[in-house]
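First the structure, in the form of structure tokens, and then the observations on it.
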Amino acid sequence: MIEVNHITKRFGKVTAVDDFTLDINRGSVLGIVGSNGGGKSTLLRILSGVFDADSGEVKINGQNIYNNPSVKGECFFIPDFPYFSNSATLENTAYLYRSLYPNWNENAFRQFCSVFPIDPDAKIIDMSKGMQRQAALILAISTCPRYLLLDEIFDGLDPVVRRLVKKILIDNVSANDMTVVIASHNLRELEELCDRICLIHKGKLLLEREIDEIKLGLRKVQVAFTEVPDNSFFEEINVINLWRNGNIFNLTIRGTEDEFMPKLEECKPLYISAVPMTLEEIFISEMGAAGYDAENII
Ligand SMILES: Nc1ncnc2c1ncn2[C@@H]1O[C@H](COP(=O)(O)OP(=O)(O)OP(=O)(O)O)[C@@H](O)[C@H]1O
């Protein structure tokens, strides 16, 4: 388990992470989303022990991560721009990692080299951005980390490789109880992968929810009334966002269809349709309900 307790990190006048508290359960996949400069990369660097927080602490399995080689050995962090030396190839880096990482899995490494479309003997720095990310991920997962921290891992990956990466991550979470934390702007990828999502803005944790809880909790409803009900009706059926065009209402409703549909039907609408919301729409609604202009945050 990763316990993040009231961490704050400043760079000069900028507070990159501001009194951030969060627990990340073992064997779970947490997505971190937020605005540019929101503090995602800084948070990941603190979680992986690259940076020390100015205040607060990060504990992994009950031990402080910073300056703690035994705990750091259980984590693998892939930054948004993975670093490789001029001569590094997958093969010669694997040779190094075999002696550095006690849980190195040679079979997994060979298998990844055969399924990812990159040459294990080619210099990694000569590869494209997406190929460098693939190389970083092959090496990371072959070390069998208990905690895998990924910054914008999907950036630059083509759709086929994205699907492959998601499958490998999911397989490792279920087979090896690996914990994954991913910072990304790509809500669609996170939606398929994560158990929980947290939203960070100006260094603060604004929202943290289970994906299933988020998705089950909200519905997007379009309804055309013959006679428009008064405002108290919308409060009664738990509308958190309302956009009106004449007699047609687009509503975001908190609750299940069993709860709100009978009440809407009582108004004898001309037309009614309830559709599931994408994660992006849900976040925008939740943020709006919390008083933030989410269009500028996500
Ligand atoms: N090494 C550093 N030195 C000075 N300021 C920094 C440093 N790293 C981050 N910052 C500042 O901290 C804030 C948070 O940056 P961070 O990279 O964590 O955001 P982010 O959410 O990952 O952004 P993005 O989505 O654009 O990648 C920004 O204002 C950034 O300029």
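Every number in this text was worked out from the coordinates using simple rules, so none of it is lab data. For clarity, every value in this text was computed on a predicted model and none was experimentally measured. Cβ coordinates were reconstructed from backbone atoms using ideal geometry, including for glycine residues, and neighbour counts include every protein chain displayed.
Summary of computed values
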| item | result |
| --- | --- |
| Ranked PHE234, PHE225, PHE81, criterion: other C-beta atoms within 10 Å, fewest first | PHE81, PHE234, PHE225 |
| Whole-angstrom Cα spans of segment 1-101 along principal axes, big to small | 41, 30, 25 |
| Check: the chain dipole with +1 on Lys, Arg Cβ and -1 on Asp, Glu Cβ, in debye | 860 debye |
| Span from the segment 179-210 Cα centroid across to the segment 1-20 one, whole angstrom | 17 Å |
| Structure-based [θ]222 nm, the chain - -39500 (n - 2.57) summed over DSSP H runs of at least 4, per residue, nearest 500 | -10500 deg cm²/dmol |
| Order of HIS185, HIS201, HIS6 under a 10 Å beta carbon neighbour criterion, fewest first | HIS6, HIS185, HIS201 |
| Label-zone membership for segment 34-54, site ASN64, 7 angstrom Cα→C-beta point, backbone N under 13 Å | 52-54 |
| Cα long-axis angle, helix 159-176 against the chain (0 to 90 degrees, to the nearest 10) | 80 degrees |
| Potential extension, TRP243-ASP230 segment - 0.36 nm per residue separation minus Cα distance | 3.2 nm |
| Relative contact order (%) - the chain, alpha-carbon pairs under 8 angstrom, separation at least six | 20 percent |
| GNM result for the chain, Cα springs below 10 Å: residue of GLU266, GLU191, GLU235 fluctuating most strongly | GLU266 |
| Dimensionless Rg ratio for the chain, taking C-alpha atoms and the 2.2 N^0.38 Å reference | 1.17 |
| Nearest-ten-degree value, helix 129-142 long axis tilted from longest Cα axis of the chain | 70 degrees |
| Base-10 log of normalised Debye intensity for segment 140-218 (one unit scatterer per alpha-carbon) at q = 0.11, 0.14, 0.23 Å⁻¹ | -0.31, -0.51, -1.24 |
| Evaluated over segment 82-187, the Cα radius of gyration and Dmax, each in Å | 13.0, 37 |
| Shape call, segment 192-263: gyration tensor on alpha carbons, a/c limit 1.5 | prolate |
| Alpha carbon centroid spacing (whole Å) that separates segment 226-285 from segment 124-165 | 42 Å |
| Segment 217-297: C-alpha pair distances exceeding 20 Å, % | 28 percent |
| 11 Å beta-carbon shell around THR89, net charge (K/R +1, D/E -1) | -3 |
